[in-house]
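Engineer: The structure under discussion is supplied below as structure tokens; questions concerning it will follow.
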């Protein structure tokens, strides 16, 4: 897991990339029918490589981050479960149903798509530990999707990051145009972040290489 934190004063406070490589102009918010509930551990939000942060920026009316893991605070799933739509827990548990056209026909929306953030082991434990999530219908992405996210190492190419999982799941539930809009921004962000990490700009934000 990356340990890069958002402490560099030359980083954009929104996209968390060096100001010279900022991608905020490519943030193009839009609306969808379903809700997205991103369950994020408090420590993850401090990392510049965290992708859940962009859900509410791209889907401001429908995506929300719900923070777990705060000291002396018990996580309450009630507000998430009270959001409109059929609740779906996105993680490939053994009982998870594949998201596809047949699923959408059998279980029509709109939906409340609940996505646990973190590495794969952390995400798996969310449904097991949170009482409100245990009996929810689990769903998984269709096969053949590979990650375009190279900022954190994954054991398998099909292990996508939180933002990609959101984009591809909504592509099934809402239509492929949603995936296209979300991934267009994501690819820009990944490319610019890789440039920043390659050392094209120093700690003062001054370009040091072409």
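Rule-based calculations on the coordinates, nothing more; no lab input. Keep in mind that this is a model prediction, so the values were computed, not measured. Ideal geometry is used to build each Cβ from the backbone, glycine not excepted, and the neighbour counts take in all protein chains shown.
Engineer: For the range 18-108, just say rounded, prolate or oblate: build the C-alpha gyration tensor, square-root its eigenvalues into a ≥ b ≥ c, call rounded for a/c under 1.5, and beyond that prolate if a/b exceeds b/c, oblate if not.
Structural biologist: oblate
Engineer: Say a paramagnetic label sat at a point 7 Å from the Cα of residue 146, along Cα to Cβ; which residues of the range 180-194 have their backbone N under 17 Å from it?
Structural biologist: 187
Engineer: Moving on. Just need the relative contact order of the range 29-187 here, percent rounded to a whole number, with Cα pairs under 8 Å and 6+ apart.
Structural biologist: Value for the range 29-187: 26 percent.
Engineer: Okay, next question. Test of understanding: what is the full-extension gain from residue 20 to residue 122, defined as 0.36 nm times their sequence separation minus their Cα-Cα distance?
Structural biologist: 33.3 nm
Engineer: Find the centroid of the Cα atoms in the range 46-114 and in the range 132-146, then give the distance between the two in whole Å.
Structural biologist: 10 Å
Engineer: Follow-up question, since we're still on this one. Find how much the distance from residue 10 to residue 45 grows on full extension, using 0.36 nm per residue of separation minus their present alpha carbon separation; answer in nm with one decimal.
Structural biologist: Length gained between residue 10 and residue 45: 10.8 nm.
Engineer: Let me ask something else. If packing is taken as the average number of other Cβ atoms within 10 Å across a peptide's residues, how do 57-70, 34-47 rank, most packed first?
Structural biologist: The most tightly packed comes first, giving 34-47, 57-70.
Engineer: Using a ≥ b ≥ c from the Cα gyration tensor of the range 29-187 (square roots of the eigenvalues), is it rounded, prolate or oblate, where a/c under 1.5 gives rounded and otherwise the larger of a/b and b/c decides, a/b for prolate?
Structural biologist: It is rounded, given that a/c, with a ≥ b ≥ c, falls under 1.5.
Engineer: Which of rounded, prolate or oblate describes the range 83-140 when judged by the alpha-carbon gyration tensor and an a/c cut-off of 1.5?
Structural biologist: prolate
Engineer: For residue 188 and residue 28, calculate 0.36 nm times their separation in residues minus their Cα-Cα distance, and state this gained length in nm to one decimal.
Structural biologist: Computed gain between residue 188 and residue 28 is 56.4 nm.
Engineer: Would you calculate the separation in nanometres between label points at residue 107 and residue 57, each defined as 7 Å from the Cα along the Cα-to-beta-carbon direction?
Structural biologist: With each label point 7 Å from Cα toward Cβ, the separation is 3.0 nm.
Engineer: Among 178-185, 103-110, how do they line up by average Cβ neighbours within 10 Å per residue, starting with the highest?
Structural biologist: Ranked from most to least packed, the peptides come out as 178-185, 103-110.
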